[in-house]
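Contents: one structure, followed by commentary.
The values are calculated or read from the model by the stated rules, or taken from the named source; none is laboratory data. What you see is a predicted model; the values in this text were computed from it and never measured. A quick note on method: Cβ atoms are made from the backbone with ideal geometry, for glycine too, and the neighbour counts reach across all protein chains shown. When the accessible area is computed, the model is the full protein with side chains, heavy atoms only, and any ligands, DNA or RNA have been set aside. Shrake-Rupley method; radii C 1.70, N 1.55, O 1.52, S 1.80 Å.
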Amino acid sequence: MKDFMKEAIKEAQKALKYNEVPIGAVIVLDGKIIARGYNKREKSQNATSHAEIIAIEKACKKLKSWRLDNAEIYVTLEPCPMCAGAIANARIKKLIFASKEKTSGDNLCEAILSSNRLNHKTEIYYDEHYNEKCSQLLTDFFKNKRISN
């Protein structure tokens, strides 16, 4: 089986090249990547240009449907509340993320995706195998930002 988190990391590295927060996402359906995304907030000057949102938009366009029922999304960082909401609304079956958001000890992403208000539940998996690599990408990015400012 293909290691899809490695592909999400490649997307995060693309973001890094453009001085964007290095977060990447890929959406997989039937064992194949159908969409990719990386953060583009600086380039687009759009607060919603997160990796997950971009990948979801591409997947919906490709499938000509807003429902991504049997899809899986692989993300290098635990999704923010906006992205968790988009994942839930797109009805993505599984979320797999590699690094936990350091500021979220409240499990907000999980709370959103498992809310009783939703008629769809997304399975959530933490891929700790890539935690160190994905965390280091983010740590180095922000460290370099502080040094250059």
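Quick one, which of (i) 40, 37, 31; (ii) 46, 33, 33; (iii) 55, 38, 25 is the actual Cα extents along the principal axes in Å calculated for this model?
Correct label, based on the coordinates given: (ii).
From the phi of every residue in segment 30-36, what ³J(HN,Hα) in whole Hz does the Karplus formula 6.51 cos²θ - 1.76 cosθ + 1.60 yield, where θ is phi - 60° and glycine or proline is x?
After applying 6.51 cos²θ - 1.76 cosθ + 1.60, I find 6, x, 10, 6, 10, 7, 9 Hz.
About the Cα centre, and with charges only on the beta carbon of Lys, Arg (+1) and Asp, Glu (-1), how big is the dipole of the chain? Nearest 20 debye, please. Mind dumping the intermediate values first?
Values: 26 positive and 19 negative charges, 121 e Å.
Value, rounded to 20: 580 debye.
Quote to one decimal, in nm, the extra length available between Asn46 and Ile147 on full extension: 0.36 nm per residue of separation minus the C-alpha distance between them.
Working: separation 101, 0.36 × 101 = 36.36 nm, distance 2.52 nm.
Fully extending the segment from Asn46 to Ile147 adds 33.8 nm.
Taking only C-alpha pairs under 8 Å that are 6+ residues apart, what is the relative contact order of the chain in percent? Each step should come with its number before you reach the end.
Working: 287 pairs, mean separation 28.3, N = 149.
For the chain, the relative contact order is 19 percent.
When the Karplus curve 6.51 cos²θ - 1.76 cosθ + 1.60 is applied with θ = phi - 60°, which whole-Hz ³J(HN,Hα) does each residue of segment 37-54 get, with x for Gly and Pro?
After applying 6.51 cos²θ - 1.76 cosθ + 1.60, I find x, 9, 4, 9, 5, 5, 5, 8, 6, 10, 4, 8, 7, 8, 3, 5, 5, 4 Hz.
Could you check how much of the accessible area of the chain is carbon and sulfur, as a whole percent, using a 1.4 Å probe? The partial results should precede the final answer.
Numbers: 4170 of 8650 Å².
Heavy-atom surface of the chain belonging to carbon and sulfur, 1.4 Å probe: 48 percent.
Hey, which lysines would be in cross-link range of Lys145, C-alpha to C-alpha under 23 Å, not counting anything within fewer than 8 residues on its own chain?
Reachable lysines: Lys10, Lys14, Lys17, Lys40, Lys43, Lys100, Lys102, Lys133.
Can you tell me which of Tyr125, Tyr38, Tyr74 moves the most in a GNM of the chain? Springs connect C-alpha atoms under 10 Å apart.
Tyr125
Keeping every protein chain present and rolling a 1.4 Å probe, give me the accessible area per residue for the chain in Å². Numbers along the way, then the final one.
Details: 8650 Å² over 149 residues.
In whole numbers, the chain has 58 Å² accessible per residue.
Taking θ = phi - 60°, what integer Hz values does the Karplus form 6.51 cos²θ - 1.76 cosθ + 1.60 yield along segment 13-27, in sequence order, with x for Gly and Pro?
5, 5, 4, 4, 4, 9, 6, 9, 4, x, 10, x, 8, 9, 10
Scan around Asp127 for amide H atoms under 5 Å from its own, H built in the peptide plane at 1.01 Å from N, and keep only partners 5 or more places away or cross-chain.
Phe97, Ala98
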